Amino acid sequence: MLLCALVFLQACRGGRPAAVIPPAPEAPAFQAAFTAAPVPPAVQARMQGRSYPDGARIPLSELRYLRLSYIDFSGNPQTGEMVCNQAIAQDLIEIFQALYQARYPICSIRLMDDFNGDDEASMQADNTSCFNYRTIAGMRRLSRHSLGMAVDINPRENPYVRRSGVRPAGSEPFADRSRDFAHKIDRNDLCYQLFREHGFTWGGAWASVKDYQHFEK
Ligand SMILES: [Zn+2]
């Protein structure tokens, strides 16, 4: 288990880029690498009591299960899983297709349930995710993640910054956005541009707190 975690972290911190050529966008293999479907029963079972607690006020029928190809920090193609609201499923398919074509590096895309619904653990693993039925950190109000209408991208390098501190723990070096570093989301970033084109707002533009990983509709 510990070895797995170490290998996983190592994979996210980089390594030698591999010379892998993604399939052409028009190829059936490319289309098949990005799919949206009703949440399958096996995935529903994984979600129950984790990202989907008892009393969650959104029916599972309004959510979609996405399989998304992406390029990891080592330059290797991977397949990720994401659950989102049906209203943004097509947006996310198109955004992640464009990110893949541009070889935009993403550390990992796993369901929040792999982290027992623990947002901090997912962020510390630099995991990109969407649906998680939870309140906004430090508040009682439900987050847009609770409706599957918000996505967090590479959270370790793009932390949630407020006066009382930085989340996830350990991401303090990335809170200073005047610095230059890999995987930083700013207004020149492709990810930022794609989400804006699809009508999402960016947490990095908020006035009171800054949530550089966060895009919502
Ligand atoms: Zn978020």
Selection from Ser61, Val151, Ser208, by position along the positive dipole direction of the chain (Cβ): Ser208
Kyte-Doolittle mean at least 1.6 and Cα extent at least 15 Å along the axis: which DSSP H helices of the chain qualify? 2-13
Using 0.36 nm per residue, how much length does the chain from His198 to Asp54 gain when fully extended, once their Cα-Cα distance is taken away? 48.6 nm
Residues with beta-carbon under 11 Å from that of Asp211, excluding Asp211: net charge, scoring Lys, Arg +1 and Asp, Glu -1? +2
Subtracting the Cα-Cα distance from 0.36 nm times the residue separation, let me have the gained length for Thr35 to Ser208 in nm, one decimal. 58.7 nm
Karplus-derived 3J(HN,Hα), 6.51/-1.76/1.60, for each residue of segment 118-133, Hz, glycine and proline x: 8, 4, 4, 5, 5, 5, 5, 7, 6, 8, 8, 7, 10, 6, 7, 7
Please give the contour-minus-distance gain from Glu120 to Ala87: 0.36 nm per residue of separation, less the Cα-Cα distance, rounded to one decimal in nm. 9.3 nm
With charges only on Cβ, +1 for K and R and -1 for D and E, what is the dipole size of segment 63-116 about its Cα centre, in debye, rounded to 20? 100
Cut-off of 10 Å, at most 16 other beta carbons, DSSP loop: longest stretch of the chain lacking such chymotrypsin sites (Phe, Trp or Tyr not before Pro): 1-180
State, to one decimal in nm, how far the label point of Arg187 lies from the label point of Ala45, with both points 7 Å from Cα in the Cβ direction. 4.9
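None of the figures in this text is laboratory data; all of them are computed from the coordinates on show. Just so we're clear, the structure is a prediction, and the values are computed from it rather than from any experiment. Here the Cβ is made from the backbone with ideal geometry for all residues, glycine too, and neighbour counts use every protein chain on show.
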